[in-house]
1. When Cβ neighbours within 10 Å are restricted to other protein chains, what is their mean count per residue of peptide A:11-24?
2. Specify the angular offset, from 0 to 90 degrees and rounded to the nearest 10, of the alpha carbon long axis of helix B:340-349 from the longest principal axis of the alpha carbons in chain B.
3. How charged is the neighbourhood of B:CYS350? Take every other residue with its Cβ under 13 Å from the Cβ of B:CYS350, and add Lys/Arg as +1 and Asp/Glu as -1.
4. Quick one: how many lysine pairs in chain B have C-alpha atoms under 28 angstrom apart, if they're 8 or more apart or on different chains?
5. Given the Cα atoms of chain B, and with Rh set as the inverse mean 1/r over their pairs in the Kirkwood sense, what is Rg to Rh to two decimals?
6. Along Cα→Cβ, 7 Å out, is where each label goes; now give me the distance between the ones at B:ALA180 and B:ASN26 in nm to one decimal.
7. Taking every residue in A:67-79, how many Cβ atoms of other protein chains lie within 10 Å of its Cβ, on average?
8. What's the longest bit of chain B with no exposed trypsin sites (Lys or Arg not before Pro), using DSSP loop states and at most 10 other Cβ atoms within 10 Å as the test?
Amino acid sequence: MNDVLVKEFIRKRGRGASLSVVDCRSVSRNVVEALEPTTRPRNGWRGWQAAPLAYYEKTRSKALGREECSDLPVLQSFWTWNRVPRADRTFVLPGRRGDTVINADELAALGRSLHADERGCVIM
Amino acid sequence: MHPFLDHMTPSSVITILQAAGPYVRNLNLYGWQYLPEKALYQSLLGQNEGTRLIELDLQGSRDFDEYWLLQLILKSRHLRRISLKGLTGVSNHLVEVIGRTCPHLEYLDVSFCRRISPLRPDTFSDQTCWRNVTQLSIAGCASQGILEDIGRNMPDLQALDVSHSDELTDDDLKSFVAVAAATYEPAYRRLELLRSGQTIPDPSLVFLTPTLAGESGLAFPGTKGMIPRRVTRLRKLSLSECTQLTDDACRYLARAVPDLESFEMAGIGDGLADGGLLALLPTCPRLKRLDLDSAYEITDAVVRCLIPSPKFDMDGHARNSEVGDELEMLRLGFAITLTNDALLALVRGCPKLMRLNADVRTSSLKRLAVKLAKLNPSRRTLL
């Protein structure tokens, strides 16, 4: 499994594809970095059940990481593994009187609490 | 009913059920850990003689009390889909009770239930109660001899999961596709009539030569050395992590699973060689998902047999569908003997291949280390 194969697969299959070459010695850093703008490091999905996994989605104009929830091809390798953001990273919620800094669990709890005061059946 | 509503307690679920319980048909409590068993049973039953449940999913409540589980099953004769994955209250007796009580059963999942690992071989031996089952999952619980009954008594089975069962051997797969003498002898005699066009072929039976079948024809008198095989309707088969299996199991399945769409045989290690896979894979033209993780003895031949030939021949005629036409997902983790050329040809040749997993992770480093220790010193490097 080497660079040529990785490039060929990503280029040919395009959106919706998923390739995992974790720990393959013949895949070099160059090809992974060359494909960086057109691939995503994890197969992220939107939904409040995915909150603990903290898939990054670009919502503000300032990009803080790589987009993980689009339909770009997924390329998983040793080099992208290194660069997946840590699970204990902090999120910044901007506020009028200063920013609040919380972690992923708190973010998930915040998401759940937003639905907490709905009466009756919760529509999923 | 969503299990991740952690601001909703089981008692509030019961309150809802007490009002509407006897009318509930589909109950999915997947993920709920602590359920009040008696209250649940009483609210589902109400004043009636039986519940109206068609679908029941209790996966996640590991310690669901055995007595109340039995009572619930006994009163739910209309059940079609049952999932009791991981429940410790599931015993052999309960599985037999399910068979006797629910004649319309289509989906049964009792995988990873600690007490029935392994199941008694005669669990599915009753010929009438399991007829309608189309999906069965006994992962972690399959025992020797159980596949023979499953093959005989569940003719419409489309999805079978017997993964993670260390007791399963190749002979079990052989008995899964075996045919009784009372069936194959008249069928073989009809073959003679077939040649003169006097009758139509039986789709559920096929006769193979000894080379194709992987066994000798001596055990089957009356067929002039041909081996009868049952053609199953399986679409999904999982044999992952069954450590005693080898590629002979695949050889027994050749021509017996023409509708196969998903085949998983991960984690087998060095027992899985090319031969059986080369016999099986070309006979499954509808294959969409193939999982051969940790198969570090397979070579390029397996990869090349997955590549379909060009769709149109020189005269412009389209060929029949071949394996690789539908292939969408392929996992070849730790298949270190494969070369780039073969994989490149695969990527170019399979039009629908979207998910390819060719990494170097393995599920059992321990087995790999044992194998490495046995290699002679000049061959000690692996990567």
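The numbers here are math on the coordinates, done by the rules we state, and not lab data. Owing to the predicted nature of the structure, the values given are computational and were not obtained by experimental measurement. Positions of Cβ are backbone-derived with ideal geometry, glycine not excepted, and every protein chain shown enters the neighbour counts.
1. 5
2. Result, in degrees: 70.
3. That works out to +4.
4. 18
5. 1.03
6. According to this spin-label approximation, the distance is 3.8 nm.
7. Working: counts 0, 0, 0, 0, 0, 0, 2, 1, 0, 2, 1, 2, 0.
So the per-residue partner count for this stretch is 1.
8. B:1-223
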